[in-house]
Amino acid sequence: MTHETVIKIDRVSKEFDLGLSKYQALREVSVEIEATDFAIIYGPSGCGKSTLLNTMTGLEEPTAGSVNVRGTNLYSLSENERSQFRAAKFGIVFQQPLWVKAFDLIHNVALPLLLNGANEQKAIQKAAEALEEVDLLKFSKHKPAEMSGGQQQKAGLARALIHNPWILVADEPTGNLDTHSADEVMGLLNKLNKYHRRTIVMVTHNLAYLPMASKKIAMRDGTTAENALDVNKLIRNEYQTVLGKEAK
Amino acid sequence: MKLKFLLKFAILNFWSHKMRAILTVAAVTIGVAAIIFLVSLGFGLEHLVTQQVVNFEAFSIVDVPSASLKTLGVGQSIIDKIKAVPHVVEVEPAVSFAGRFKVTGSDNSTEVVANAATQRYYEFSSLATENGAMPQGENEVAISADYPKLVNLDEKSLIGKSIDLEAIIPQEYLPRDEIVDPDKKVALETGSYKVVGIVPSQNTPTIIMNLSGTKKLKVIQYTSLKVKSDSSDTTVIQEVRKGIENIGMSTEYVGDTIAQITQVFSVFRVILGLFGLIALIVAAIGTFNTLTISLLERLREIGLLKALGMTSPNIYRLFITESLFISFSGGILGIILGTGVGQAINYVLSYMARQAHVDKVAIFTTPITFGIGVAIFSLLVGFLTGWYPARRAVRTNALDALRYE
């Protein structure tokens, strides 16, 4: 399983129709991710990172090219088949914690299993185990909104992993967290990859996390950048602009 | 996704805004209750009227009215022919004529209608006394309550008294040898009888006598017949009527009258139901509004569910289930409320009737089939109101929904 290709993205393009104009978000991107990879997709704002991630999970159908996940061409499946495939094979962590407000934390964490038709009692049992692992079991009967951002993101991670997916994808999971919570979440992701051999694909702005990655995918203007240093420079410039605005 | 979890999901979603949930269900409850209450009034009034018109046995009885008999001069031979018609089990004759009577020893006489028939004929007509007994022998009569009322006498004081009746008998009712003057159209016959009972008002003073009582008046012909069939099935009744009409008689059937009454009340019920429907339409618009607002509020949740792999059919089922839950719970509560208010009014009216020593009254009747029909209809309304929000939820792009603020 060491060198097995889990995701193969082949010359994927995505064009958005904006009515009066068209926007090319991805331009013939080709990427391969292996089973043991902790892949980090990074680049400046608007470079197509999230679009690439969404294309990978079957949420954003590309205009051209193909996405294969362990031999299954995602976009040859019907929409419902794709939903079921995503439900079974992907675990998703969002930038902002998203929950079903009517449910308590434990039901929210159990949701991927329940949507897959699992027995409710067994799903709740598994959710309790998952929450125990991230040290949040004491909040199981609370509404997720009652927890801090960092706790919610850790619970989001528990939800993403509860059904034992092939691939964990995370779209800027630390984007809305303070440094301490962000480090905790990144520590958990690193542990999952190193010790649990979980394939992880993460989108981030933060160059500080790049050393954790076994595969670094630098992006610029809708495609993978050949010169990663240029990309790093662009991101730093962006930070300085933001910091400059905040200082003023 | 399991059905049990789908139901739990829908109910928890709905219940997450408690006040809105209560108000929406209350609106549907009032709408359904209005329909149940008004249409039950229609059913109740119809039941009240038909109950007054007939008893249950009447549906197996065909009337052969006097008009045709008079012309034909019906006697035993016609009765025998009718008895031979398939499905006929009984033929009961009656004769009516006018006359004048007075209480024996009194000077004042009163004009009267006299009806003579067999005991079974009176049973078929649901005629019974309110005081005393029905006449059994040839010397017994009952008088309608109109007479004591007319002469301001206590009903009970008449029972046991003798009366002298002077009957005006059309000549065709008499045997040929009894016709003294063929030019006269009527004959005057007299007889004395004992009053044994008082029957309810017939709108005019009426004497009720047993058919045997007409012997002394020399009557041998009949003015009407009641023909009992072995079944009240419409097809059988039609066969019996056809058989009698083939003999040359005309027939009447209480089912015709009931059908006319039912027709009138059907229209009445539809009008009442439409008034109730207006309330339900308003409630349905409220439900639609609630579901649409709920959809917009939960758009990011829909995006999340889709991203986590919830399929379009399951998203659709979730919204439809929520809508069906609102309409069904509102429907059941509405049926309970509408029926309950009707029954409460029935109870009050019956209590008042008891106080006034009259029969109990029920002006609200809710047939169980109608209740079931309304429950099904409320589910249909739920489906219709939930359809659009459900379709919209299905069509929402997961990523657009996740970005929705």
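Each value in this text was obtained by applying a stated rule to the coordinates, not by laboratory testing. Because the structure is predicted, anything quoted here is derived from the model rather than measured. Virtual Cβ from ideal backbone geometry, glycine too; neighbours counted across all protein chains shown.
The mean count of C-beta atoms from other chains within 10 Å of the C-beta of residues in B:289-300, rounded to a whole number, is 1. Net charge dipole, chain A: roughly 160 debye, given to the nearest 20, about the Cα centre with Cβ charges of +1 for Lys and Arg and -1 for Asp and Glu. Distance between the 7 Å Cα→Cβ label points at A:Q125 and B:K242: 7.2 nm.
Overall, the anisotropy analysis places the range B:66-250 in the oblate class: the square-rooted eigenvalues a ≥ b ≥ c of its C-alpha gyration tensor yield a/c not less than 1.5, with a/b not exceeding b/c. Between B:T369 and B:T104, full extension at 0.36 nm per residue minus the direct alpha carbon distance yields a gain of 89.6 nm. Segment B:S250..B:K161, full-extension length gain: 28.1 nm, with 0.36 nm per residue of separation and the alpha-carbon distance subtracted.
Relative to the longest principal axis of the Cα atoms of chain B, the long axis of helix B:18-53 makes an angle of roughly 10 degrees.
Which lysines have a Cα less than 17 Å from the Cα of B:K83, not counting those fewer than 8 places away in the same chain? Straight-distance partners of B:K83: B:K226, B:K228, B:K242. To the nearest Å, what is the center-to-center distance of the range A:1-77 and the range B:328-403, using C-alpha atoms only? If you average the Cα positions of each part, the centres end up 53 Å apart. Using only Cα atoms, locate the centre of the range B:23-54 and the centre of the range B:116-156, then give the distance between them in Å, rounded to an integer. So the two Cα centres are separated by 38 Å. Among beta bridges from DSSP that stay inside the protein assembly as shown, the antiparallel ones total about 65%. Near B:A393, once Lys and Arg are set to +1 and Asp and Glu to -1 for all other residues with Cβ below 15 Å from its Cβ, the sum equals +2. Per-residue mean of foreign Cβ neighbours for A:84-90 is 3 (Cβ atoms of other chains, 10 Å radius).
Each Lys or Arg adds one and each Asp or Glu takes one away; over the other residues whose Cβ falls under 14 Å from the Cβ of A:L74, this sums to +1. Where both partners of a DSSP beta bridge lie in chain A, what percent of those bridges are antiparallel, to the nearest 5? Bridges in chain A are about 50 percent antiparallel. How would chain A be classified by its alpha-carbon gyration tensor: rounded, prolate or oblate, with rounded meaning a/c under 1.5 and the a/b versus b/c comparison settling the rest? In terms of gyration-tensor shape, oblate. Taking the Cβ-Cβ separation of B:E172 and B:Y351 as r and a Förster radius of 56 Å, what is the calculated FRET efficiency to the nearest 0.05? So, using R0 = 56 Å, E works out to roughly 0.55. With a point put 7 Å past each Cα toward its Cβ, work out how far A:E32 is from B:S212 in nm, to one decimal. Going by the 7 Å Cα→Cβ label model, 11.7 nm. Who wins for biggest fluctuation among B:S125, B:S77, B:S327 in a Gaussian network model of chain B, springs between alpha carbons below 10 Å? Maximum among the listed residues: B:S77. Other residues whose C-beta falls under 13 angstrom from the C-beta of A:E146 contribute a net charge of +3, scoring Lys and Arg +1 and Asp and Glu -1. FRET efficiency for the B:L384 to B:S232 pair, using the beta carbon distance and R₀ = 60 Å, is estimated at 0.90.
Computed from label points 7 Å out along Cα-Cβ, the spacing between A:E61 and A:F16 is 1.8 nm. Couplings for the range B:257-274, taken from phi via the Karplus curve 6.51 cos²θ - 1.76 cosθ + 1.60 with θ = phi - 60°, read 4, 4, 4, 5, 4, 4, 4, 4, 6, 4, 4, 4, 5, 4, 4, 5, x, 5 Hz in order; Gly and Pro are left as x. Helix B:234-247 and the long axis of chain B differ in direction by around 30°, with both axes built from C-alpha atoms. Label zone (B:S126, point 7 Å along Cα-to-C-beta; backbone nitrogen cut-off 12 Å) within the range B:203-219: none. Ranked by the mean number of other Cβ atoms within 10 Å of their residues, highest first, the peptides B:242-250, B:190-198 come out as B:190-198, B:242-250. Packing here is the average count of other Cβ atoms within 10 Å per residue, and on that basis the peptides B:328-335, A:203-210, highest first, run B:328-335, A:203-210.
Inter-chain Cβ neighbour count for A:91-103, averaged per residue, equals 5 (cutoff 10 Å, partner chain atoms only). Sorting the segments B:364-376, B:286-298, A:41-53 by their residues' average number of neighbouring beta-carbon atoms within 10 angstrom, most packed first, yields A:41-53, B:286-298, B:364-376. Rounded to the nearest 5, what % of the DSSP beta bridges within chain B are antiparallel ones? If I count the DSSP bridges inside chain B, around 80 percent turn out antiparallel.
The helix-only estimate of mean residue ellipticity at 222 nm for chain A, built from DSSP H runs of length n ≥ 4 each weighted as -39500 (n - 2.57), is -12500 deg cm²/dmol after division by the residue total.
You can think of it this way: the chain between B:S192 and B:E297 has 28.7 nm of extra reach, that is 0.36 nm per residue less the Cα-Cα gap.
Within the same chain, lysines fewer than 8 places from A:K216 are excluded, and of the rest, those with a Cα less than 20 Å from its Cα are A:K8, A:K49, A:K191, A:K194, A:K233.
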